[in-house]
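Peer 1: Here it is, the structure in full.
The values are calculated or read from the model by the stated rules, or taken from the named source; none is laboratory data. If you're wondering where the values come from, they're calculated on a predicted model, not measured in any experiment. So basically every Cβ, Gly included, is an ideal-geometry build from the backbone, and we count neighbours across all protein chains shown. Accessible surface is based on the protein model in full, side chains and every heavy atom, while ligands, DNA and RNA are left aside. Shrake-Rupley method; radii C 1.70, N 1.55, O 1.52, S 1.80 Å.
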Amino acid sequence: MAGVHDAFSAILASHAGFQCLWASGLGMSAAAGRRDANELSSSQILDQLEPMADCTDAPILVDGDSGHGDFNNARLFVRALVKRGLAGVCFEDKRFPKRNSFADAEHELVAPGEFSGKLRAARDAAPDFCIVARTEALIAGRGKSEALDRAAAYVEAGADAILIHSKARDAEEVLDFAGAWNGLRPLVVVPSTYEHTPMSVFQNAGVSLVIWANQAIRAAMVAMDLTYRHLLSSKPLAALDLELAPLDALLTLLNHSELREAEVAYGSWPSGIINRRSTAAAVSSTIGGLKIDNDPI
Ligand code: SPV
Ligand code: MG
């Protein structure tokens with residue numbers, strides 16, 4: 001699953017061949033110039049998600065942080081995601097407002113019972129929606145045993161999958177967790193700090209889904225920074241140590257040719273039609289519950 005942070009990255013990831021996407025909380029925050037600490041409100045996140053869902057057919061799993069509040073905020077958030085065509089949500093067992101898992105901060109967890117209530121509320125609000133439960137027990141230094149207990153409770157509360165997060169530099173503690181997991185639900189990992197682990201290692205450990213949450217935005221950061229600094233230096237563009245996408249490629253990616261075709265189809269009325277009064281008998285159309293007829297007002 002590819003991490004994306006806006007509609008443009010969602011288009012690029014699905015063009016590259018990813019069949020499902022992760023709307024990264026860190027990425028969306030960064031794209032808005034904010035910290036990954038619930039500085040963006042849930043409605044600002046929803047505004048960011050709408051064009052992302054609109055621009056790709058790939059299902060999007062939304063990083064729902066800790067649910068934007070209590071169980072009630074979480075279920076309202078889920079309902080809003082369903083309406084906007086998102087495919088699923090991942091909630092984590094941190095206290096709201098959360099801190100990014102890699103930030104030097106207190107990583108306070110809520111009690112398993114409280115988080116289970118949030119999951120149950122979300123499940124009841126959207127019975128067919130994909131809900132991933134993420135435990136931050138390893139991030140908070142609580143150890144494997146608590147992580148396993150929490151994961152089991154979250155399955156009981158209705159989670160479709162368990163995300164075990166870690167900030168370790170190697171995959172050891174995640175693999176240790178995977179080895180002890182009861183397998184009642186698929187396991188999801190996010191190798192942001194242990195990203196050089198070969199994919200086969202995860203496969204052999206029984207991991208079902210790997211989320212590359214922030215590699216693309218970090219690559220974009222380097223490329224954009226390099227380009228801006230180079231442009232400012234007034235060195236010739238040809239000396240830039242990076243190949244730029246041709247402008248044509250950008251227009252093609254955004255399907256400008258469809259607009260040209262649509263202009264031909266819809267851009268002007270066939271001559272003569274504008275002033276012709278309809279002589280047809282009164283008609284009415286019913287759309288949903290709304291009836292519109294052509295009687296004069
Ligand atoms: C995110 O993408 O916002 C995540 C994953 O939560 S990570 O940044 O690796 O914590
Ligand atoms: Mg996040």
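Peer 1: By a straight-distance test (C-alpha under 30 Å), which lysines pair with K94 as possible cross-link partners, with residues fewer than eight away in the same chain excluded?
Peer 2: K83, K118, K144, K167
Peer 1: Find me the longest stretch of the chain that has none of the exposed GluC sites (Glu not before Pro), where exposed means in a DSSP loop (not H, G, I, E or B) with at most 10 other Cβ atoms within 10 Å.
Peer 2: Numbers: sites that count: E106, E243.
That would be 107-242.
Peer 1: Identify all aspartates and glutamates with a Cα-Cα distance to K235 below 20 Å; exclude those on the same chain that are fewer than 8 residues away in sequence.
Peer 2: D225, E243
Peer 1: Would you calculate the separation in nanometres between label points at S257 and Q203, each defined as 7 Å from the Cα along the Cα-to-beta-carbon direction?
Peer 2: Rounded to a tenth, the inter-label distance reads 3.6 nm.
Peer 1: Still on this structure, please answer the following. Would you mind telling me which residue in R95, R134, R34 has the biggest mean-square fluctuation in a Gaussian network model of the chain, where springs connect alpha carbons within a distance under 10 angstrom?
Peer 2: Checking each option, the largest mean-square fluctuation is seen for R34.
Peer 1: Here is a follow-up. Taking only the alpha-carbon positions of the stretch 154-275 and ignoring solvent, what does the Debye formula give for the base-10 log of I(q)/I(0) at q = 0.10, 0.20, 0.22, 0.23 Å⁻¹?
Peer 2: -0.64, -1.06, -1.18, -1.25
Peer 1: Share of the stretch 60-107's accessible area from carbon and sulfur, percent, 1.4 Å? Show your work: numbers first, answer last.
Peer 2: Details: 940 of 2010 Å².
Ligands and nucleic acids excluded, carbon and sulfur reach 47 percent.
Peer 1: Return the sequence-ordered ³J(HN,Hα) values of the stretch 290-296 in whole Hz as given by the Karplus equation 6.51 cos²θ - 1.76 cosθ + 1.60 applied to θ = phi - 60°, using x for Gly and Pro.
Peer 2: Computed from phi, the couplings for the stretch 290-296 are 9, 9, 10, 10, 9, 4, x Hz.
Peer 1: Still on this structure, please answer the following. Where both residues lie in the chain, what percent of DSSP beta bridges are antiparallel, nearest 5? Mind dumping the intermediate values first?
Peer 2: Values: 5 of 29 bridges.
Here the antiparallel bridges make up roughly 15 percent for the chain.
Peer 1: Considering all alpha-carbon pairs of the stretch 55-212, what whole percent are spaced by more than 19 angstrom?
Peer 2: Working: 6338 of 12403 pairs.
When all Cα pairs of the stretch 55-212 are counted, 51 percent exceed 19 Å.
Peer 1: Under 5 Å between amide hydrogens, which residues at least 5 positions from R134 or on another chain qualify, with H placed 1.01 Å from N in the peptide plane?
Peer 2: Those qualifying (amide H under 5 Å, at least 5 residues apart or on another chain) are F91, E92, D93, L163.
Peer 1: Also, quick follow-up: When the chain is treated as a GNM, springs tying every alpha-carbon pair under 10 Å, which of A161, A239, A153 comes out with the largest mean-square fluctuation?
Peer 2: Answer for the Gaussian network model of the chain: A239.
Peer 1: Multiply the residue gap between D295 and H230 by 0.36 nm, knock off their C-alpha separation, and tell me the result in nm, one decimal place. The partial results should precede the final answer.
Peer 2: Values: separation 65, 0.36 × 65 = 23.40 nm, distance 6.54 nm.
Residue separation times 0.36 nm, minus the Cα-Cα distance, leaves 16.9 nm.
Peer 1: Find the centroid of the Cα atoms in the stretch 209-259 and in the stretch 54-108, then give the distance between the two in whole Å.
Peer 2: Distance between centres, Cα-based: 29 Å.
Peer 1: Is it possible to state the helix-based mean residue ellipticity at 222 nm for the chain, with each DSSP H run of 4+ residues giving -39500 (n - 2.57), the sum divided by total residues, to the nearest 500 deg cm²/dmol? What is it? Don't skip to the answer; put the middle values down first.
Peer 2: Working: 11 runs with 123 residues, N = 297.
Mean residue ellipticity, 222 nm, calculated: -12500 deg cm²/dmol.
Peer 1: Which whole-number percent is the relative contact order of the chain (Cα, under 8 Å, 6+ apart)?
Peer 2: Once divided by the residue count of the chain, the mean separation gives 13 percent.
Peer 1: How many percent of all Cα-Cα pairs in the stretch 1-84 sit more than 18 Å apart?
Peer 2: On the way: 1302 of 3486 pairs.
The answer is 37 percent, as a whole percent.
Peer 1: Per residue, what volume in Å³ does the convex hull of the Cα atoms of the stretch 97-170 enclose?
Peer 2: Given the Cα convex hull of the stretch 97-170, per-residue volume reads 97 Å³.
Peer 1: Give me the angle, in degrees from 0 to 90, between the Cα long axis of helix 42-55 and the longest principal axis of the Cα atoms of the chain, rounded to the nearest 10.
Peer 2: Between the helix axis and the principal axis of the chain, the angle is about 60 degrees.
Peer 1: Quick one: give the max-minus-min coordinate of the C-alpha atoms of the chain along each principal axis, largest first, in Å.
Peer 2: 78, 60, 35
Peer 1: Using 0.36 nm per residue, how much length does the chain from E106 to A249 gain when fully extended, once their Cα-Cα distance is taken away?
Peer 2: Numbers: separation 143, 0.36 × 143 = 51.48 nm, distance 4.46 nm.
47.0 nm is the gain from fully extending E106 to A249.
Peer 1: Right, next: In square angstrom, what is the accessible area per residue of the chain with a 1.4 angstrom probe?
Peer 2: On the way: 17020 Å² over 297 residues.
I get 57 Å² per residue for the chain.
Peer 1: Going by amide H atoms built from the backbone, whose H comes under 5 Å of the H on D70, apart from near neighbours?
Peer 2: none
Peer 1: Next question. What residue among L26, L175, L237 has the largest mean-square fluctuation in a Gaussian network model of the chain, using Cα springs under 10 Å?
Peer 2: Evaluated over the chain, the most mobile residue of the options is L237.
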